Amino acid sequence: MSDYEMCCGVCCNDCELDSLLLIDRLINDIQHLASEVVRLRHLLSWHLPNDVGETIRGESLSDLHGSYYDYPAYERFVSRYCGGNDPLESESYCTHMVKLYKGEKSTDEFRSLTF
């Protein structure tokens, strides 16, 4: 029997907080992985023929994650846990991603690898 079923089918505050904390951790993982994808795409692009490298650099910010607004749980997460500010669209995260896109060194806030 799941925790949800043990609460008589009604999600209690503890269950909701646990869900919000899990979503926060998952979003953090997405940010780290997306950062590494952009950084590695940029590095790789310089080792390929010019036309292919330019294409990769031009698309390095593409398809990094899906849209989660179709999910009520994500909307609740952004609304309740993040004060209405989507962490995948925050100014600091977007600035970080643009720096990686340009090949500039960025803060380690969203980095997950050490090389």
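Okay, here's what the table says:
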{"quantity": "Scan of the range 24-58 for residues that are assigned to a loop (DSSP other than H, G, I, E, B) and closer than 18 Å to Glu104 by Cβ, ordered by number", "calculated": "Trp46"}
{"quantity": "Failed condition for Leu17, given (1) modelled with pLDDT of 90 or more; (2) part of a helix (DSSP H, G or I); (3) surrounded by 12 or more Cβ atoms within 10 Å (Cβ to Cβ)", "calculated": "(1)"}
{"quantity": "Residue list for the range 59-78, filter: loosely packed, with under 12 Cβ neighbours inside 10 Å and either more than 25 Å from Cys15 (Cβ to Cβ) or of a type in the set (S, T, N, Q) (or both)", "calculated": "Glu59, Ser62, Asp63, Ser67"}
{"quantity": "Pair list, Cβ < 8 Å and 6+ apart or interchain, from the range 41-64 residues that are under 18 Å from Met97 (Cα atoms) to residues that are outside any loop (DSSP other than H, G, I, E, B) and polar (S, T, N, Q)", "calculated": "Glu54/Ser45; Ile56/Ser45; Arg57/Ser45; Ser60/Ser45"}
{"quantity": "Residues located in the range 23-40, provided they are closer than 20 Å to Lys102 by Cβ and within 9 Å of the chain's Cα centre (by Cα)", "calculated": "Gln31, His32, Leu33, Ala34, Ser35"}
{"quantity": "The range 61-115: number of residues that are at pLDDT 90 or above, part of a helix (DSSP H, G or I) and either in contact with a His (Cβ under 8 Å, 6 or more places away or on another chain) or at positive phi (or both)", "calculated": "1"}
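The values are calculated or read from the model by the stated rules, or taken from the named source; none is laboratory data. Note that the structure is a prediction, hence the values are computed from the model and not measured. Heads up, the Cβs are rebuilt from the backbone with ideal geometry, glycines too, and the neighbour counts pull from every protein chain shown.
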